[in-house]
Every structure is written in C-alpha cells, then in structure tokens.
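Here's the structure, in structure tokens; my notes come after.
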Amino acid sequence: MIVPIFLPHLGCGERCTYCDQDIITDIGEVNLEARIAGVLASRKGSFEVGLYGGNIFGLTPPVLRRLFSCFYSEKHRITGFRISTKPVPLNPEVIEILKGNRVAIIELGIPTFNDTTLNVLNRGHTAEDLRRAVSVLKSEGFGVALQVMTGLPDETMADIRETAENIVCLAPSYIRIYPLVVLAGTRLADTFTARRFEPIFFEEVVERTVFIYLAALKAGVKTVKMGLTDNEVIKERIIGGSYHPAFGSIVKSTAFYLAVMANLSKHSLHGEVLVTLNGRDIPHLIGHKRANLKRFRERGVLITWETSERPPDTFVLACGNKAIDGDIFDGLDPAVSAIDG
Ligand code: SF4
C-alpha cells in the first residue's frame with residue numbers, strides 16, 4: 001500500500017503554466033510535520049510513502065533532510081518512499097539523501113519530449129535533461145517512472161509518437177498519462193480565455209492517450225494511471241481541456257473498441273458477432289456507459305460475449321462460420337508496431 005503525501009509546489013521554483021496549487025516554498029511555511037504525522041497515524045501496519053505534487057529535486061539538501069525527518073518517528077512502519085519530481089536540478093547531494101532515506105522509485109515529469117512545448121509550458125528543462133536524469137538515476141539503482149501528458153498546446157501526432165518512442169527507449173518501471181486540463185487562475189487559463197489556445201477535442205485526446213498506452217504496453221511498460229482523479233483536482237476550477245473521472249477506463253475501452261473494429265473491418269464481419277474474451281475485459285468491450293455497444297450497433301454489428309480463460313487484452317470474434325483471433329494492439333497496429341523496443 002502507498003500512502004500519498006501531497007507537497008503542493010514544494011521545490012518548484014517557477015510554475016508550469018497549467019499547474020495551480022498552493023505555493024509552499026519551504027516546509028517551515030506550513031505545519032507539514034503535523035500534517036504528515038496525522039496522515040501516517042491514520043494508517044495501520046506497514047506501508048510505502050509517496051511524496052507527490054512538487055519538485056523534490058528543487059529542494060536544497062537541508063530542506064530535503066528536514067522533510068525526511070518528519071517521517072523518523074514512523075520509520076519502522078515505512079517500507080520505502082517513492083517521489084515525483086522534475087528532472088532538474090540533478091544535484092548529487094540530493095541524490096545521496098534520497099538513497100539514504102530508502103527512496104526506491106523516482107517519478108519524473110516530462111509532459112512532452114518537444115523542447116519548444118516544454119518551453120511554452122515553462123517547465124524549466126529540456127527533453128535531454130530528462131534523458132540524462134533517467135540515465136543517472138538508473139545507474140544509482142533507483143527505479144524510474146515517467147509522467148507524460150496529452151492534449152498540450154500545438155501538440156501533433158508526431159509529438160505523441162515521439163513521447164511513445166522515448167518511453168519505449170527509456171524503459172521506465174511504469175508510466176502515468178495525464179490529459180491536459182485548463183484550471184482557472186493559471187497562465188494557461190489566461191491564454192485559453194484570450195482564445196490563443198484551443199484544446200483539441202476530448203475524443204482526440206483519448207485516441208492520443210490510447211496510442212501512448214498501447215505503445216508502452218507492447219514494450220512491457222505498464223500504465224498505472226490515466227487522468228486526474230477526483231481528489232487531485234477541484235472540479236469547479238476546470239474551465240477547459242480533457243477532464244473525466246473515468247478517463248482511464250474510457251482509454252482502455254476505446255483501445256478495445258478500435259481493436260475489435262479493425263478486425264471486423266479487415267474480415268468484413270457484420271451482423272451478429274460473438275466475442276470470446278477474458279472476464280476482466282468485459283467492461284472494455286462494453287465501454288463507459290455502454291458507449292462501445294452503441295457504436296458497434298451504429299456500424300451494423302450486434303455484439304454478444306462469453307468469457308474464457310484466454311489472456312486479458314485478447315479476443316476471438318465469431319461470426320457465421322468465421323472465427324478471428326485478435327488482440328488489443330490490432331486497432332493501432334501499423335503505427336504502434338512501427339515503434340521498436
Ligand atoms: S506541474 Fe509539478 S513541477 Fe510544475 S509547477 Fe506543478 S507541481 Fe511544480
């Protein structure tokens with residue numbers, strides 16, 4: 001079990017244009033120790049701690065030591081830490097402190113590998129900084145995960161492909177994918193309300209996320225989360241972009257729909273089609289609020305299903321005397337297959 005502790009903007013320095021959290025520049029500014037003690041006291045047994053919401057690499061060594069000292073009284077119950085951070089600055093002393101405090105996994109934020117967009121987002125680092133950080137951290141024995149985004153300003157499919165290619169090449173322990181949301185009060189919101197940034201449609205953001213999700217999965221990289229959850233965002237502050245509480249499930253069911261449709265089209269199947277699949281994939285076949293079944297019907301396909309012990313993400317389509325084997329990668333096969341691991 002991971003106990004998340006959110007450290008809004010701790011160590012961020014400059015602010016990314018899309019981000020809006022209460023600013024904390026030093027842990028002394030809030031009673032962080034009491035907050036941490038309260039969170040840990042409410043948990044039973046042993047657990048891992050996740051430090052999220054800021055830029056741990058941006059902390060000075062004394063501040064970072066003070067942060068970890070907040071956990072000393074519970075250290076016998078803490079199995080280790082994972083942290084999220086920007087890939088800069090890469091300070092050897094900070095890395096030593098992280099090692100000394102049993103940090104096992106470092107999640108690096110890299111919204112895109114397009115340097116122009118990183119600059120527009122005011123990230124304060126380049127794609128090369130990220131690659132250097134991954135290399136150094138892996139050589140120091142850390143597990144490295146990546147947090148990427150979709151639906152960014154001026155984003156193209158070439159950017160999405162580049163993100164997918166880098167994920168495959170860097171082979172992180174896992175990834176998280178966040179579609180961009182526009183929050184009131186951010187610099188991005190100013191651009192949005194001045195109509196200098198027009199987000200792409202939700203469906204397109206979903207399909208771009210599907211692409212990254214499938215490319216990573218095909219290379220053996222799991223996506224542990226897609227989209228912000230309710231407790232990470234104040235919904236009233238969202239004025240644009242792609243927020244949906246079931247975003248991850250919509251991405252997975254879209255991937256399944258595209259894969260089934262690709263096989264139906266390729267083999268000219270229509271009418272009544274029986275899908276045999278792992279029980280875990282039934283929600284992916286049906287879709288969020290049964291959206292996939294409706295889309296199949298609109299294309300002249302009446303879907304029924306039965307479960308079997310076959311591997312998740314695979315299926316057999318039976319129609320008349322035909323039985324077609326497929327898997328989740330079939331919908332985007334030409335594009336995803338072109339990305340070599
Ligand atoms: S996105 Fe992360 S690094 Fe950027 S300002 Fe927000 S908390 Fe800091």
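The values are calculated or read from the model by the stated rules, or taken from the named source; none is laboratory data. If you're wondering where the values come from, they're calculated on a predicted model, not measured in any experiment. Note: ideal-geometry Cβ built from the backbone for every residue, glycine included; neighbour counts use all protein chains shown.
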**Request:** For THR79, state whether it is within 16 Å of the ligand (Cβ to nearest atom) and of a type in the set (Val, Ile, Thr).
**Result:** no
**Request:** Could you please let me know if ILE78 is within 14 Å of ILE36 (Cβ to Cβ), touching a strand residue (DSSP E or B) at 6+ places or on another chain (Cβ under 9 Å) and of a type in the set (Val, Ile, Thr)?
**Result:** yes
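Got a sec? Which of GLY38, GLY45, GLY28 is outside any loop (DSSP other than H, G, I, E, B), modelled with pLDDT of 85 or more, more than 10 Å from the ligand (Cβ to nearest atom) and not aliphatic (A, V, I, L, M)?
GLY38
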**Message:** Taking the criterion of being modelled with pLDDT under 95, part of a helix (DSSP H, G or I) and either away from the ligand (no atom under 16 Å from the Cβ) or not small (Gly, Ala, Ser) (or both), would at least one residue in the range 1-19 satisfy it?
**Reply:** no
**Request:** Output the qualifying pairs, or none if there are none: Cβ atoms under 7 angstrom, residues six or more apart or on different chains, first residue in the range 97-110 and assigned by TED's automatic domain parsing to the domain that holds TYR52, second residue polar (S, T, N, Q) and away from the ligand (no atom under 16 Å from the Cβ).
**Result:** ILE105/SER173
**Prompt:** Which condition number does THR209 fail, the rest of (1) of a type in the set (Ser, Thr, Tyr); (2) surrounded by fewer than 23 Cβ atoms within 10 Å (Cβ to Cβ); (3) under 20 Å from LEU332 (Cα atoms) being met?
**Reply:** (2)
**Asked** Out of curiosity, is ARG82 within 20 Å of the chain's Cα centre (by Cα) and either surrounded by fewer than 15 Cβ atoms within 10 Å (Cβ to Cβ) or part of a strand (DSSP E or B) (or both)?
**Response** yes
**Prompt:** Does GLU33 qualify as being touching a Cys at 6+ places or on another chain (Cβ under 6 Å) and away from the ligand (no atom under 11 Å from the Cβ)?
**Reply:** yes
